[in-house]
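The values are calculated or read from the model by the stated rules, or taken from the named source; none is laboratory data. Since the structure is predicted, the reported quantities are computational estimates derived from the model, not experimental observations. Cβ coordinates were reconstructed from backbone atoms using ideal geometry, including for glycine residues, and neighbour counts include every protein chain displayed.
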Amino acid sequence: MIGYIFNPEFYGKGYATEACQAVLNYAFAELGAHRILALCNPDNAPSWRLLERLSMRREGHFKKEAFFKKTKVGILL
């Protein structure tokens, strides 16, 4: 499982894309993975765009898969 939280000052600089791409490359090339699943808060459009940049596609939408609560620090699952 991969998770990421960034200070808003660092949004849009490609850090999450680069890190996630490296993990995916390792999983496929070194670990022999043939499929990887990602979960994302449906209200988090930037994370959806990140997953799509990584060549992932939307296959389903679980309305009650997880509970997200916004806090002063971030989002809790």
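Residue check: Pro8 meets all listed conditions (1) without any contact (Cβ under 8 Å) to a residue 40 or more places away in the chain; (2) within 13 Å of the chain's Cα centre (by Cα) but one, namely (2).
Condition first: under 13 Å from Leu50 (Cα atoms) and of a type outside the set (A, V, I, L, M, F, W, C). Now tell me which residues in the stretch 3-29 satisfy that. Hits for the stretch 3-29 are Gly3, Tyr4, Tyr11, Gly12, Lys13, Gly14, Tyr15, Thr17, Glu18, Gln21. Residue by residue through the stretch 26-58, note down the ones that are within 15 Å of Gly3 (Cα to Cα) and exposed (fewer than 10 other Cβ atoms within 10 Å of the Cβ). The one that is within 15 Å of Gly3 (Cα to Cα) and exposed (fewer than 10 other Cβ atoms within 10 Å of the Cβ): Leu37. Within the stretch 43-58, residues that are under 15 Å from Ala22 (Cα atoms) and part of a loop (DSSP other than H, G, I, E, B) reach partners that are among the aliphatic types (A, V, I, L, M) and at pLDDT below 90 with beta carbons closer than 7 Å, at six or more positions or on different chains, in the pairs Met56/Ala38.
Which of the residues spanning the stretch 2-25 are among the polar types (S, T, N, Q) and surrounded by 11 or more Cβ atoms within 10 Å (Cβ to Cβ)?
If we filter the stretch 2-25 for residues that are among the polar types (S, T, N, Q), which is where we start, we get 7, 17, 21, 25.
Thr17, Gln21 - these are the residues of the stretch 2-25 that are among the polar types (S, T, N, Q) and surrounded by 11 or more Cβ atoms within 10 Å (Cβ to Cβ).
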